[in-house]
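Read through the structure below, which is laid out as structure tokens, and then see the notes.
The values are calculated or read from the model by the stated rules, or taken from the named source; none is laboratory data. Just so you know, these numbers come straight off a predicted model, no measurement behind them. For neighbour counting, all protein chains shown are included, and Cβ atoms are generated from backbone atoms with ideal geometry for every residue, glycine included.
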Amino acid sequence: MLDLVANKTHDEQRQGETYAPFSVDPNEYKKKFYIESYGCAMNFADSEVVASILNKEGFGATRNVEEANLIFINTCSIREKAEQTVRKRLTEFRKLKTRNPGTLVGVLGCMAERLKSKFLEEEKLVDIVVGPDAYRSLPRLVDEAADGHRSIDVLLSREETYADIAPVRLNTNGVSAFVSIMRGCNNMCSFCVVPFTRGRERSRDAVSIINECRDLFENGYREVTLLGQNVDSYYYNPESNSTEHAVTFGQLLEKVALISPLLRVRFSTSHPKDITSDVLHTMAAHENICKCIHLPVQSGSTRVLQLMNRTYTREWYMSKVDEIRSIIPDCSLTSDMIAGFCTETEEEHQETLSIMDYTKYDYSYMFFYSERPGTLAQRRYKDDIPLDVKNGGCRRSSKNKMSYHASTLHRIWAKPLKY
Ligand code: SAM
Ligand code: SF4
């Protein structure tokens, strides 16, 4: 039920999900790939791009890891626990590889990017390591690995958006789909590894996005979620010498909404510093743009926000909430919070709880701070809050969040979908 209000960019229930073979595929495949995905929605969308590339190479998807010639794990580095989960899965694949010696194992995504060739040294069973911007190299890497050479490509790109690759919707319900509109992030929040694992921000060609959304609609889909680490800074300019045809996020959102009033449009994630009143007015003007914004606050304390390099204050965030409520009175707001960031005090944690009371989120993801190697916070600040205190903070935040579920459910039932 909560799926209807939250964009679920990091959906716990989907962690480790494997892709089933698609139902309407006339081809017969001699070779099979198995792919298991972790992390945020961007990773799940990337697995669909990978599937498309492998498909063209004659690999069909399987959910049965035992019959796969290629096993891929699309990884997340955002917290230490996510990496531990992947390591554990790899030990299970090791047993399988002993039973089926020709099977190749590949690590994709953020953990591949973060650890690079160290992965090949540390995890002896891994044959292929591919970063998020290098999936086009997969056919070559698979060939090399099949010839007995362990292969790696972790080059980050300033241009790659996979705009021309039609993702294969492998696990689809035929109704909702994620559409990537940009890649990377330039924000450098001090706790976050994403700018290092996914590289510089770049926006995908607007025409390819609109075409993909239109194709989805014509194939029966009724909901698209436009995805990016920071969708509000989307900016696509096809001409270098003029801005005449440049497209902002507000304009893109409107173009997608205009495909059909029967297509529901969502987006995620918004950085509070970047969401514009133009986007809010576009949302208000189109009934089929879902009145839901994922607006991660991370902390309710201005001092902690400053340490996090979030570039807004508590008051600024609250005034953004006020602006949203004034333009879209029934807008649902969801969030991410981090408990126990470096030097956070109990009073500062209470400020996070109070901002929850102020905003009345419909849903929120609660994380305890996990120090990530190479980030600004790891280099500059001491991770000085004991784990049980961080965890306790997380639980208290969750408790606060739960109090809103009842009203959320009420709101959904009170406003049934029109189609
Ligand atoms: N780009 C989005 C944004 O700015 O909100 C989300 C990026 S990240 C994939 C999702 C969430 O993970 C973040 O909003 C943050 O709350 C959490 N996160 C990121 N790094 C973390 C860390 N080192 N420890 C705990 N939580 C973290
Ligand atoms: Fe990470 Fe901040 Fe970028 Fe989100 S905006 S991906 S939290 S650096």
* To do: Using the structure shown, decide if residue 83 is surrounded by 17 or more Cβ atoms within 10 Å (Cβ to Cβ) and in a helix (DSSP H, G or I).
  => yes
* Asked: Taking the stretch 124-154, which residues are assigned to a loop (DSSP other than H, G, I, E, B) and closer than 15 Å to residue 108 by Cα?
  -> 125, 126, 127, 131, 132, 133, 134, 150, 154
* Mind checking whether some residue in the stretch 235-246 is modelled with pLDDT of 95 or more and within 16 Å of ligand 1 (Cβ to nearest atom)? -> no
* **Hey, residue 51 under 14 Å from the mean Cα position of the chain (by Cα) and closer than 30 Å to residue 192 by Cβ or not** => no
* To do: Could you grab me the full set of residues in the stretch 356-397 that are over 24 Å from the mean Cα position of the chain (by Cα) and closer than 25 Å to residue 332 by Cα?
  => 357, 358, 393, 396
* **Among the candidates 178, 93, residue that is away from ligand 1 (no atom under 16 Å from the Cβ) and modelled with pLDDT under 95** => 93
* Asked: Is it the case that some residue within the stretch 398-406 is at pLDDT below 50, aromatic (Phe, Trp, Tyr), in a loop (DSSP other than H, G, I, E, B) and buried (at least 17 other Cβ atoms within 10 Å of the Cβ)?
  -> yes
* **Residues that are without any contact (Cβ under 8 Å) to a residue 40 or more places away in the chain and β-branched (Val, Ile, Thr), drawn from the stretch 271-301** => 282, 289
* **the stretch 357-383, residues that are modelled with pLDDT of 95 or more and aliphatic (A, V, I, L, M)** => 376, 377
* Could you count how many residues in the stretch 332-369 are surrounded by 19 or more Cβ atoms within 10 Å (Cβ to Cβ) and either of a type in the set (Phe, Trp, Tyr) or assigned to a loop (DSSP other than H, G, I, E, B) (or both)? -> 11
* Just checking, how many residues over the stretch 181-203 are buried (at least 22 other Cβ atoms within 10 Å of the Cβ) and touching a strand residue (DSSP E or B) at 6+ places or on another chain (Cβ under 7 Å)? -> 7
* **Criterion (closer than 22 Å to residue 59 by Cα and within 16 Å of ligand 2 (Cβ to nearest atom)) met by exactly one of 153, 133** => 133
